[in-house]
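What follows is a short report on a single structure.
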Amino acid sequence: LPMAFRDVNARRHIGLQQLSSLAFAGRTLLGPMKSRKFIVDESTNQSTLIGSAVRLIESLDLTSAAGQLLNETIQAQNKEFKTGMSTLLFLTGAWSDAVLECLQQNVPVSAIVSVMSEALNSCCERVQCLQISIHDVNRELCSSSARPNAFKSKTCEIGCESLLNPQIFLYFQKDISAPKEVIPVNSCSHQEDDCNFNKCLVSPLTSFGSIPSLVKPVGDKSTSVISGSGVTASSCNKQKLTHSRYFSTLGKSHFSSQQGNFQGYFSGQSADPCECYGVGHLAMALSHGNQTSMKLLQSIVVYQQKRAECSGSSQFNIAEIVTCCLLGLPESYSCVSPGFVTLVSPEQATVIKHFEDKPLRILLMDGDLTEQYRHLGFNRPCNVRTILEHPSLWEGRAGDLWLSSMLDILISFEVNLVLVKGSVCENLMERCIANNILVIGSVTRDVLCAFGEVTSAQPVTYLTQLNASCVGSGAQVELWKACDGRAMDLGELVPVRIKVQGIPLLTAVLTTTVASKMQLIEDEFWTSVYRLHHAFNDKKVFLGGGAVELLCLSHIQMLAEQPLQPANREFHNPWLAASATEYKSVVLQALASGWKQYLSVIMCNTAKVASALEACTSVDHHLKNAADCGSPSAYILKEFQRGDVLRGGSGPFADHGEGLKAYDNVTAKTEAWRRALDLVLLVLQTDAEIITGPKRNQLSNSYMSSEFMFL
């Protein structure tokens, strides 16, 4: 048997080497201070900026079987969590290298599989002590010294009556370090819902009685609760307008020059101020330094919290969030807009001019609006043959007949707006435009559901199914206006906004002037959204900044020092009895090397250490201190509270001077670990079967699997 294993290890494990090579390309994508990559399309010579493992894998040559398995594994992680893919990719490469090292030392495949699997399960159980409930996180953020000074500053009063006044104030921020200006806007009839939306943004903060507003004198450099930056007001009389990454109106309020320092309040159900403050900063702690996405997400959180108080719905509902990417505007124009913002052609935009300030009859279609579309599961009649003398002529007449029939149905039910889940026939689109009917395709199911709930519209699969009860009412359409109040015409596409009174839908409008950066901005936004979403689902988070990985390393050291505990008191094979302890130690160290490399690369990417050697030295120093402490988890928790788990491990928050800790998702992180190891072990066993044959490998597996246990 030992000779058989030497034969296995003497040959090359191509699959593991391919995994290691593919994963190496993603090392710079690890951590909060990742280095992004440009991907060039050879066919078009266009480049795209990427910052995630998903986009990287999509652009790599994955013709090998191992590459296909890696792609499927990362896509599965992305589909379920939308986060943790870079960790999965890196650990796949690190553990592939570690397994190859074990094979070079003649460690049996069965021993590698058994010890690594059991060790990972043990580590996942051990790190549960570093989980903290999101309620405790919110309370800690509320009471910690990291709390922004916005809660300590003098404030501006917003009365109950003033919230109904049509006058609003737009707060824009051009530079987070520059003095901020406030400008009163006398009329907001063109975006009344935006006014109501931004009124809701401040309502949760002002409804807690003693919690102040966000308006501060120019001398006050305290931090805004919503944006995380200092939003201050110098004078109400100045008409200078600056802009921000997103804009918000802090309620419809009377504002006069005589009003200096007020106490904010809002009539309504009281709530825990720590919860309102903490959830926004939980989003910040989970965003790992992504400022733009964090600010947009904080605005969404505040708005949804207010709705949750009034309706008793979910505190954070990801189904109510959509994105609209606008190319051609500066990133400072990114904002959150109530309703549904989407892009239409200039011809469709001309129809909107006939709809301004008019309630529209809306139709929802759950499918394609084409003549050839049939729903899933449709069975065509069998044994039917159609014979045509002039098929091209007949098809043209049949197509015209279908177009006329569909248009007549829309006109007969006085439909003004059609939202289609799938694609739309171009000829029908043109006819609808000529008859002032706006048709918008590629609308997600969540958007259709949101409009259906507030307009009473019922989705139909075919227009022939339409009846009066399926048509909703109350929708309004307008050209989307940027934060400076101007309607945007971006050339080929025009942004429009569809709104309905009471719709919970929020659109994160993402803007940039760099075409290659658009996909990156959208990916980073959704990553931040899903991190907060999973935190609410798990109801707990991990301590971040390398705390969890450090405890795993400490735990593996402890496992390596424990004596082997065989399943049976006597081994059936003397060779196994003499070698099992050695295998256990080697395999555990190989598993630990993956996490150690993970921490080292993150520290190097943050530029907090000069070299990988210095990073490894820092990790070893913490491991020694944790062992000397007697309780590694207590030591790590103490270092986390100090923000010094690993130098630079707390991410960019330390650079902002806010002392905010970093947190990680529980399920997403552990599943990334499991998927990475499962993939490596699968490729290992497949390679072994190719090299030695399935029978010999099966014999060695069955011979080894029942002989020892170390837990």
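The values are calculated or read from the model by the stated rules, or taken from the named source; none is laboratory data. Being a predicted model, the structure only gives us computed values, none of them experimental. Here the Cβ positions follow ideal geometry from the backbone for every residue, glycine too, while neighbour counts run over all protein chains shown. Quick note on the areas: whole protein, heavy atoms, side chains included, nothing else; ligands and nucleic acids left out. Shrake-Rupley method; radii C 1.70, N 1.55, O 1.52, S 1.80 Å.
Side notes on the structure shown:
- In this structure, the residue pairs whose Cα-Cα separation is over 28 Å, taken from K82/K661; K481/K669; K306/K540, are K481/K669.
- Per-atom-type breakdown for region 317-383 gives carbon and sulfur 50% of the accessible area (1.4 Å probe, protein chains only).
- Overall Cα dimensions of region 463-563, principal axis frame, Å, largest first: 75, 41, 27
- 3J(HN,Hα) couplings calculated from phi for region 85-94 with the Karplus curve 6.51 cos²θ - 1.76 cosθ + 1.60 (θ = phi - 60°) are, in sequence order, 6, 5, 4, 4, 5, 5, 5, 4, x, 5 Hz; Gly and Pro show x.
- Note on E371/N435: beta-carbon distance plugged into 1/(1 + (r/R0)^6) with R0 of 25 Å gives a FRET efficiency of 0.85.
- Region 399-466: relative contact order as a whole-number percent, Cα under 8 Å and 6+ apart: 33 percent
- Per-residue packing, averaged as other Cβ atoms within 10 Å, sorts the ranges 118-126, 34-42, 361-369 into the order 361-369, 118-126, 34-42, beginning with the highest.
- Calculated FRET efficiency, E492 to A627, Cβ-Cβ distance, R0 = 45 Å: about 0.10 to the nearest 0.05.
- With the convex hull drawn around the C-alpha atoms of region 427-485, the volume per residue stands at 143 Å³.
- Normalised per residue, the accessible area of region 57-145 is 38 Å², obtained with a 1.4 Å probe and no contribution from ligands, DNA or RNA.
- With both labels modelled 7 Å from their Cα along Cα-to-Cβ, the R674 to F24 distance reads 3.1 nm.
- Gained length - S469 relative to C310, 0.36 nm times residue gap less alpha-carbon distance: 54.4 nm
- Whole-percent carbon and sulfur share, accessible surface of region 15-103, 1.4 Å: 48 percent
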